[in-house]
Amino acid sequence: MAPSIPTEPASKRNGANVNDHEVVPIGPSPGLSSNPPRYISEQTLQQMLKSIAYDEAREDAYRLKGVQLIDSVRQSISLPVKTFDTAATYYHRFRIRFPSAEYNYEDVALASLFVACKVEDTIKKSKDVLCAAHNIRQPHDQRTPDDKMFDGPSKFTVGLERHILETIGFDFQAQYPQKLLIKLLRKMFPKGEKGDSPDVKRFISDAYDMSIDLYKTFAPLKQPSFPLVMAILELTVMLTGTGADQISQFYSVRYPVRKGCILEVMLDLMDLYTQFSKSTKVGSRYDLNKLMDVKIDINKMLSGNRYHRHFAWCDKCVQDSSDALSATPGSAISPATNSSLPGNNIVKRNNKSSEGTLRFVFDHDDVRFERETVAEYFDDVYEEIEEEVEERIPDEPRHSSRSAHHSHSSHRNHTDHGWSPYSRSRHGGHNSDRHKGRKSHGYY
């Protein structure tokens, strides 16, 4: 059983009178508590990306390729979609914290899928994940999981797993929008009421594939499941032109949701479809002009309701900071970069030294109560004291008239560094003074 934290200082509990000169002993530090956030706003997300020198053009490509690799591997080894959701969430959380110069995106994607398999109880060995990824990348060179070439990368993946757990703060909660999406689709199109028509089948197919494309954006990190699902349904209605009457039933008191959150997710998806349509499932099915028209309509809805592009955006909190660029796209010790590199079984990071043990707490109220309770034991209290001190002025040194005359003469004879003294005789010498030998000082 963990020891309880005292609610008052030791001097008060023991009833002792502490003198001014007595040093009160301080116990060990309770450590550092970390409370991982469940959702991240767009503004906080941009600040995190700037802190790691995020290059938008390159990192967007790595983000899409990493999520696509997770989806391809999970289909290859027959993993459910909930494992894909969890792996993609861990992948995004890791990459917004660490720059791409430290790890290769393929290593992070495979390690995230390996951790997600444990979390979702769909356990697969690290060699199974690595072997499936190898067979996808190199179909002409098929291998089995027990091949020795996966020994080194397997150890690297296990080492990378520890950093992923620290990144997510050991908070394994994840959201599965596909589960809620199926329930709402069944409510919109019951069986027997045009539920088997081609338009409905196309609507369901687009909506489900859109839930997969959703994880190629940062929307799952910003919003809960219901706004995500409503954004998928609204966008599918605008693209297919089906189900406009059925979707209105979800905007009621029973389903509380803010329209600004839904529009933000819809615009995130439309940015993905208009910029990277070939890397998505739904974007490649529609013409670019159709996608642009839908995006314009969403922007009109946004401006008509006076919503901001990003929900809960604060203009005063925006900091003017220059965009920095990351150094290199890959890691030298990455098995995806060089699988035959020796010594790649150890993952090292330069952790900042901190006092105490880092603990991960999931309840915000518990963290706040603990900090307030412990704060009084570790606060440094200073008292200002003013004290008057008499300072003696030193006496000036006294010199005799003779020494003063000597110093004055020395100063006059030796400190003139300007023009040389005028010669007393035009012929030179001291014996030809024109005033020497005169009997009077008058005129003659």
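Look at (1) farther than 15 Å from Lys82 by Cβ; (2) in a loop (DSSP other than H, G, I, E, B) and you find that Leu185 fails only one, number (2).
If the condition is being touching an Asp or Glu at 6+ places or on another chain (Cβ under 9 Å), outside any loop (DSSP other than H, G, I, E, B) and open to solvent by less than 90 Å² (accessible area, probe 1.4 Å), then the stretch 123-149 contributes Ser126, Lys127, Cys131, Ala133, His134, Asn135. In the set Tyr255, Tyr176, Tyr208, only one residue is exposed (fewer than 15 other Cβ atoms within 10 Å of the Cβ) and among the hydroxyl-bearing types (Ser, Thr, Tyr); that residue is Tyr255. Of everything in the stretch 14-73, what is open to solvent by less than 80 Å² (accessible area, probe 1.4 Å), at pLDDT 55 or above, of a type outside the set (Gly, Ala, Ser) and assigned to a loop (DSSP other than H, G, I, E, B)? Give them in sequence order. Selection gives Pro30, Asn35, Pro36, Pro37, Ile40, Ile52, Tyr54, Asp55. Is it true that Leu214 is open to solvent by less than 10 Å² (accessible area, probe 1.4 Å), in contact (Cβ under 8 Å) with a residue 60 or more places away in the chain, of a type outside the set (Phe, Trp, Tyr) and assigned to a helix (DSSP H, G or I)? Judged against the criteria, Leu214 is not a match.
The values are calculated or read from the model by the stated rules, or taken from the named source; none is laboratory data. Just so you know, these numbers come straight off a predicted model, no measurement behind them. We place every Cβ from the backbone using ideal geometry, glycine too, and count neighbours over all the protein chains shown. Remember, those area values only see protein heavy atoms, side chains included, never the ligands or the DNA or RNA. Shrake-Rupley method; radii C 1.70, N 1.55, O 1.52, S 1.80 Å.
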